[in-house]
Amino acid sequence: MTHQLYWTEDPAPLLRVEPGFRLAEASANAHPGFAGGKAEGVAALAAGATRLADLQERLFANSRMGDQRRVLLVLQAMDTAGKGGIVKHVVGSVDPQGVQLAAFKKPTEEELAHDFLWRIHRQTPGAGMIGVFDRSHYEDVLIARVHGFAPPEEIERRYGAINDFEAELAEAGTSIVKVMLHLSRDEQRVRLLERLDRADKHWKFNPGDIDERGHWGAYTDAYQVAFDRTSTPIAPWHVVPADRKWYARLAVQHLLVAALERLHLEWPAADFDVAEQRERLLASE
């Protein structure tokens with residue numbers, strides 16, 4: 001049996017946030033649609049990398065002929081959920097010249113002087129690119145809500161602004177894939193302990209992550225509101241169980257491949273006479 005046969009169902013509908021979804025009740029350890037284990041998942045990821053790379057190259061090639069389409073992957077999660085692993089093991093399998101990565105940290109003074117979407121607009125992917133937001137505009141309705149960095153009426157305004165912003169992106173040719181990597185509190189503790197126990201991971205540890213664990217319930221509520229208000233037909237949310245790193249990577253790869261396949265990408269036709277150029281080349285020294 002090949003690894004492809006371990007997919008028993010398309011995971012996209014299983015992961016997509018639908019009315020009635022409750023994050024507090026969702027499993028972080030499941031592997032929806034995939035019947036295999038880690039070994040089969042790793043093999044499936046390797047096979048999928050070939051398909052993803054081919055589709056990305058087609059997207060990039062078409063942009064050189066004026067095609068304005070592009071893809072944006074939005075990654076949100078609690079700390080240690082594996083955003084970096086997605087970037088490395090999923091997006092890292094394609095040609096880097098076709099990837100535009102933006103990792104959003106604490107806003108600078110300049111960024112705070114503008115509307116919260118100002119810095120986001122500056123990082124949206126160009127034509128032919130796969131853009132990746134490692135954290136995103138959603139920080140401004142998650143952290144801001146949990147810690148009271150903005151008044152309630154401003155946060156309420158931001159949900160609508162986000163929907164308008166994403167609608168504009170879609171209208172301009174951007175396929176949006178929004179993913180929340182759903183990690184359990186117990187698994188986060190294990191991963192934080194590993195960062196403390198291994199010298200090669202100390203650089204990843206932030207003491208503030210322990211403080212944020214104290215707000216776990218508030219973050220769960222904030223994510224729920226964000227899902228309820230901003231999971232739209234053009235930019236639906238997908239909640240990916242992240243306790244098993246291999247499944248999270250495989251699921252996000254599947255969502256990216258599916259988004260690219262919906263574009264029905266063909267290799268762009270030559271804008272010159274191929275036969276004529278062949279003759280010229282053969283006649284040249």
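The values are calculated or read from the model by the stated rules, or taken from the named source; none is laboratory data. Keep in mind that what you see is a predicted model, and the values were worked out from it rather than measured. Glycine also receives a Cβ, built like all others from the backbone with ideal geometry; neighbour counts cover every protein chain displayed. In case anyone asks, the SASA skips ligands and DNA or RNA and just uses the protein heavy atoms, side chains included. Shrake-Rupley method; radii C 1.70, N 1.55, O 1.52, S 1.80 Å.
Against the criterion of solvent-accessible heavy-atom surface with a 1.4 angstrom probe, Phe104, Phe149, Phe205 sort, most first, into Phe149, Phe205, Phe104.
Of Lys83, Lys178, the residue with the largest accessible area leads and the full order is Lys83, Lys178 (1.4 Å probe).
Length gained on full extension, Leu117 to Arg64: 16.2 nm, using 0.36 nm per residue less the C-alpha separation. The lysine pair tally for the chain, using Cα distances under 25 Å and a gap of 8 or more places or different chains, is 29. Counting only alpha carbon atoms, the long axis of helix 245-261 and the longest principal axis of the chain meet at about 50°.
Using 0.36 nm per residue and subtracting the Cα-Cα separation, the extra length available between Ala103 and Asp221 on full extension is 40.1 nm. Solvent exposure of the chain, expressed per residue, is 51 Å² of accessible area, with all protein chains present and a 1.4 angstrom probe. A simple spin-label model places pseudo-atoms 7 Å from Cα toward Cβ; at Glu153 and Asp10 they are separated by 4.4 nm.
Counting only DSSP beta bridges with both residues in the chain, the antiparallel share comes to about 10 percent. Can you tell me the orientation of helix 216-230 relative to the chain, as the angle in degrees between its alpha-carbon axis and the longest Cα principal axis, to the nearest 10? Here the helix axis deviates by roughly 50 degrees. Ranked by solvent-accessible area (1.4 Å probe, protein heavy atoms only, all chains present), the residues Arg244, Arg280 order from largest to smallest as Arg280, Arg244. A Förster distance of 45 Å, applied to the separation of the beta-carbon atoms of Trp267 and Asp211, puts the FRET efficiency at 0.30.
Using the Cα gyration tensor of the chain, with a ≥ b ≥ c the square roots of its eigenvalues, what is the shape: rounded (a/c below 1.5), prolate (a/b larger than b/c) or oblate (neither)? Taking the square roots of the gyration eigenvalues as a ≥ b ≥ c, the chain is prolate. Compute a Gaussian network model of the chain, connecting alpha carbons closer than 10 Å, and tell me which residue from Val91, Val17, Val239 fluctuates the most. So, out of Val91, Val17, Val239, the one fluctuating most is Val17. When a/c is below 1.5 the answer is rounded, else prolate if a/b is larger than b/c, else oblate, so apply that to the range 142-254 with a ≥ b ≥ c taken from the square roots of the Cα gyration tensor eigenvalues. Cα axes put the range 142-254 in the oblate bin. Counting 0.36 nm for each residue step from Asp186 to Glu168 and taking away their Cα separation leaves a gain of 2.6 nm. Each Cα pair under 8 Å and six or more residues apart adds its separation to the average, and for the range 1-59 the resulting relative contact order is 47 percent. Sequence-distant contacts, meaning Cα pairs under 8 Å at least 6 residues apart, place the relative contact order of the range 60-173 at 38 percent. Comparing Val274, Val240, Val90 in a Gaussian network model of the chain where C-alpha atoms under 10 Å apart are linked, the largest mean-square fluctuation is found at Val274.
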